[in-house]
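Scroll down for the structure; my scribbles are underneath it.
The values are calculated or read from the model by the stated rules, or taken from the named source; none is laboratory data. Predicted model only: the values in this text are computed from it and were never measured. Cβ atoms come from the backbone with ideal geometry, glycine included; neighbour counts cover every protein chain shown. Just so you know, the surface numbers come from the protein's heavy atoms only, side chains and all, with ligands and any DNA or RNA stripped out. Shrake-Rupley method; radii C 1.70, N 1.55, O 1.52, S 1.80 Å.
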Amino acid sequence: MDETLGTALRRWRDRLSPLDVGRAAWPGRRAVGLRREELAELAELSVDYVVRLEQGRATSPSAQVVASLARALQLQPMERDYAYRLAGLLPPQEGTISTHVPAGVQRMLARLGEFPVGVFSADWTLLSWTPAWAVLLGDPSGRTPAERNLVRAVFAAGPAGLAAWPVLQEGDALKPALVADLRAALVDHPRDRGLIDLVEELRSTSAEFNRLWDEGAVGPHVSARKTVMHPEVGEVTCDCDVLTVPGSDIRLIVYTVAAGSADAEKLEFLRVTNGVRADGPSPSGPGPFPRP
């Protein structure tokens with residue numbers, strides 16, 4: 001009997017341990033893998049919609065929904081493509097930007113709850129984030145994918161970027177580095193319409209971006225010291241680093257503070273008062289797409 005998307009989703013859900021996604025495996029838990037409610041939360045979908053998908057009553061999920069489920073289920077690239085085909089969709093083609101977050105990166109994030117970490121695609125769209133990122137910089141879950149693009153946000157809002165409140169930084173090395181990244185992304189993903197449109201938009205709306213683009217700006221990412229002007233605790237000074245994932249276009253922005261410092265105490269206060277555990281995601285959970 002041919003497999004359906006619903007049966008595949010149940011199989012993939014059953015094989016995931018709660019610990020893989022940062023959930024505590026409480027004593028007495030009867031579910032073998034993830035519950036439907038947990039998958040729905042991680043994928044930013046309604047529980048009813050997940051139930052209908054698994055029961056075969058929802059038969060035409062969008063590409064965005066399949067991509068979100070693939071990330072939540074930590075599918076390997078071949079499995080992700082298989083999910084697209086089961087949904088009657090073409091898998092992402094070569095020359096386009098992937099929004100797939102490798103399973104190893106997702107497991108790492110599930111265990112890095114104490115650090116503010118954001119995961120970005122090749123065009124610098126925020127795909128996922130730790131709960132500490134949300135409490136330090138503001139929760140991005142209410143923003144659309146277009147609003148979660150760091151390059152668009154930086155050239156519109158300055159150093160604050162995607163933050164919900166001011167972020168101060170010495171120098172402006174980030175902008176040339178981002179422009180250089182987009183130029184490289186166009187070489188690697190020449191068929192990505194979203195990336196082409198983003199560059200055209202920024203060239204027409206930002207004189208600074210247009211100047212850097214025409215100059216062929218080249219700027220490597222370097223560690224930066226940033227001060228977040230948080231509305232609850234005041235100034236929080238962090239070291240900000242950009243990390244790349246070998247074999248993937250994914251990159252991570254990681255904020256850290258010195259252990260035992262006043263900044264560490266402020267970040268810990270924010271985590272505690274917002275109900276963030278160091279071993280798991282927040283109740284809202286990261287996810288880039290609205291509920292259908």
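At 1.4 Å probe radius, can you tell me the per residue accessible area of the chain in Å²?
Value for the chain: 47 Å² per residue.
Run the accessible area of the chain with a 1.4 Å probe and give the carbon-and-sulfur part as a rounded percent.
Its accessible area is 55 percent carbon and sulfur atoms.
Under a plain spin-label model, where a point goes 7 Å from the Cα along Cα-to-Cβ, how far apart in nm are Ala63 and Ser223?
4.0 nm
Among Pro220, Thr96, Ala173, which residue has its Cα furthest toward the positive end of the charge dipole of the chain, with +1 on Lys/Arg Cβ and -1 on Asp/Glu Cβ?
Most positive-ward Cα: Thr96.
About its Cα centre, what dipole magnitude does the chain give when the only charges are +1 on Lys and Arg Cβ and -1 on Asp and Glu Cβ, stated in debye to the nearest 20?
The calculated dipole for the chain is roughly 980 debye.
Amide H to amide H, which residues 5 or more places from Thr125 or on other chains are under 5 Å from it, using H placed in the peptide plane?
Placed amide hydrogens put Leu150 under 5 Å from Thr125.
Short version: ³J(HN,Hα) in whole Hz for each residue of the range 230-242, in order, from phi by Karplus 6.51 cos²θ - 1.76 cosθ + 1.60 (θ = phi - 60°), x for Gly and Pro, what are they?
7, x, 9, 10, x, 6, 10, 9, 10, 8, 10, 10, 10
If only Cα atoms are counted, what is the Rg of the range 105-243, and what is its Dmax, in Å?
Values for the range 105-243 (Cα only, Rg and Dmax): 15.1, 45 Å.
Multiply the residue separation of Arg203 and Ala259 by 0.36 nm, subtract the distance between their alpha-carbon atoms, and state the gained length in nm to one decimal.
16.0 nm
Specify the residue with the greatest mean-square fluctuation among Ser121, Ser204, Ser17, computed from a Gaussian network of the chain linking alpha-carbon atoms under 10 Å apart.
Of Ser121, Ser204, Ser17, the most mobile in the Gaussian network model is Ser204.
Place the peptides 113-120, 47-54, 221-228, 141-148 in order of packing, highest mean first, counting for every residue the other Cβ atoms within 10 Å and averaging per peptide.
113-120, 47-54, 221-228, 141-148
Do the sum for the chain: with -39,500 (n - 2.57) for every DSSP H run of n ≥ 4, divided by all residues, what is the mean residue ellipticity at 222 nm, to the nearest 500 deg cm²/dmol?
Computed ellipticity for the chain at 222 nm equals -12000 deg cm²/dmol.
Give me, ordered by chain and number, the residues 5 or more places off Ile250 or on other chains with an amide H under 5 Å from its own placed amide H.
Distant-sequence amide H within range of Ile250: Val245.
Give me the base-10 log of I(q)/I(0) for the range 54-186 at each q in 0.17 Å⁻¹, Debye formula, one uniform scatterer per Cα, rounded to two decimals.
Cα-only, vacuum Debye calculation for the range 54-186: -1.04.
Modelling each spin label as a point 7 Å along the Cα-to-Cβ direction, I'd like the Leu19/Asp172 distance in nm, to one decimal.
Label at Leu19, label at Asp172, 4.9 nm between them.
Less than 11 Å from a label point 7 Å out along the Cα-to-Cβ axis of Gln93: which backbone N atoms in the range 243-258 qualify, by residue?
none
In Å, what Kirkwood hydrodynamic radius results for the range 1-113 from the alpha-carbon pair distances?
14.5 Å
How large is the charge dipole for the range 1-149, taken about the Cα centre, if only the Cβ atoms of Lys, Arg (+1) and Asp, Glu (-1) carry charge, to the nearest 20 debye?
That gives the range 1-149 a dipole magnitude of about 440 debye.
Please report the projected area of the chain's Cα convex hull averaged over all directions, in nm².
If you wrap the Cα atoms of the chain in a convex hull and average its projections, you get 16.1 nm².
Pick from Val245, Val236, Val167: which residue has the top mean-square fluctuation in a GNM of the chain where Cα pairs under 10 Å get a spring?
Val245
Take the eigenvalues of the Cα gyration tensor for the range 179-238, scale each by 5, and report the square roots as semi-axes in whole Å, largest first.
Calculated on Cα positions only, the semi-axes equal 30, 14, 13 Å.
Any idea which of Val154, Val65, Ile253 is furthest toward the positive side of the dipole for the chain, if Lys and Arg beta-carbons carry +1 and Asp and Glu beta-carbons -1?
The Cα lying farthest towards the positive end belongs to Val65.
Starting from the coordinates of the alpha-carbon atoms of the range 133-182, obtain the Kirkwood hydrodynamic radius over all distinct pairs and give the value in Å to one decimal.
One over the average 1/r among Cα pairs gives 11.5 Å for the range 133-182.
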